[in-house]
1. Got a sec to turn the phi values of segment 290-297 into Karplus ³J(HN,Hα) couplings, 6.51 cos²θ - 1.76 cosθ + 1.60 with θ = phi - 60°, whole Hz, x for Gly and Pro?
2. Under 5 Å between amide hydrogens, which residues at least 5 positions from TYR229 or on another chain qualify, with H placed 1.01 Å from N in the peptide plane?
3. So, by mean Cβ neighbours within 10 angstrom, what's the order for 99-105, 189-195 with the highest one leading?
4. From the Cα gyration tensor of segment 33-191, with a ≥ b ≥ c the square roots of its eigenvalues, which class applies: rounded if a/c is under 1.5, or else prolate if a/b is larger than b/c, or else oblate?
5. Mind ranking 47-54, 30-37 by how tightly packed they are, going by the mean number of other C-beta atoms within 10 angstrom, highest first?
6. Multiplying the sequence separation of MET223 and PHE20 by 0.36 nm and subtracting their Cα-Cα distance, what value in nm do you get?
7. Here are some pairs, LYS141/LYS275; LYS179/LYS275; LYS179/LYS266; LYS90/LYS123; LYS18/LYS266; LYS90/LYS179; which of them have Cα atoms lying more than 32 Å apart in this structure?
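Please treat every number below as a calculation from the coordinates, not as lab data. Just so it is clear, the structure is predicted and the values come from calculations on it, not from any experiment. Quick reminder, even Gly has a Cβ in these numbers, built from the backbone with ideal geometry, and neighbours come from all protein chains shown.
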Amino acid sequence: MMSYMFFKKFMQLINLNKYFYFLLFFSILIIINSSSWISAWMGMEMNLLMFIPLLMNNKILSKYSNSCMIYYIIQVGASSMLLMMIMMMKMTFIFNMNLFIMMIQLSLILKLGASPLHWWLVKIMNNLSWLNCFLILTLQKVGPLFMLINTNISLLIYLSMLLSGFIGSFVGINQTSLKLIMVYSSLNHLSWMFMSMMIDFYIFLIYLLFYFINNFMICLFFMYFNMNYLDQVFKFNNMNYFMKFLTSMMFLSMAGVPPMFGFLPKFFVFIMMVKNLFIFECLLFIMFTLIVLFYYMNFILSSLLYLKLNFKLNLNNLNLNFYYIIIIMFNVFIMLMTYFLLMLYFNN
């Protein structure tokens, strides 16, 4: 009887989560298609209300509750600041419009978790599941990013871009938590997205899509093997050489190593930066990317060095191998399609 009640509650939770996910996607569509600041703000609030139950995820431990509370307080504080600035913008006969645009940008940077307002993201990430980590690092950034596009790119966004690249690369080196490594890697990618926003909207969309796909594959990998810390990778010998190789390709793609899947968006952002004479920023971004590559290579080499000296393919793992083959084939397909579409874009 108890087992039946537990199963019934579990199924109810799954069905309820489906509604939350649907409304979460719907709220993002509201933000993207909003024609006014107020409707975009309402979409942000709907997004927050739908995401909080997903953060809890049927967990009653205090660490999950604390992380959920921190996330809620930060988002509500930023939303309150955003609403206040939107309403005060109507009083342009008294106040300076540029000041309020900058305050709106500051509240959106706080919502994004971009530097220097990224501390709350670092604080909560270790206590979340990999699914929630993926949602925070990807889906929850879409709304604030699209709202930032509707503002004039100011010195504040430029400074946040440089700080995100710097902190995301240098601070991530000494991390042992895989979730924190993903946070600092996300900061580095945010700096690239900010730059793409300044240059070309379509390049920004392409970068965002590639960022989503890369994060999905890596978070799925960590969730599948239940990895949370770097030492678990050091001691992980349950994969054969073939799967180790394909996994390494995923992380090289996330680092943006050519000719991997993740190299393409960075390459096209870099081309547009050179065309727009962002030479100093090009040099900085190359340095930041090399440092990020260092801690991804640390991850890859650490896993490869602990392989057993056995080159035989384990036929018992064919299903898992097939799963990885599908991922790589998908990478190659998207890469070729993107090359084709972007060549058409640049030729026009």
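1. Rounded to whole hertz, the list is 5, 5, 4, 4, 4, 7, 6, 5.
2. LEU178
3. Details: 99-105: 18.4, 189-195: 25.7.
Descending packing order for the listed peptides: 189-195, 99-105.
4. Details: a/c = 2.34, a/b = 1.39, b/c = 1.68.
Oblate.
5. On the way: 47-54: 18.9, 30-37: 14.8.
Going by the mean number of other Cβ atoms within 10 Å, highest first, we get 47-54, 30-37.
6. Values: separation 203, 0.36 × 203 = 73.08 nm, distance 2.11 nm.
Fully extending the segment from MET223 to PHE20 adds 71.0 nm.
7. On the way: LYS141/LYS275 28 Å; LYS179/LYS275 36 Å; LYS179/LYS266 23 Å; LYS90/LYS123 36 Å; LYS18/LYS266 34 Å; LYS90/LYS179 42 Å.
With Cα atoms farther than 32 Å apart: LYS179/LYS275; LYS90/LYS123; LYS18/LYS266; LYS90/LYS179.
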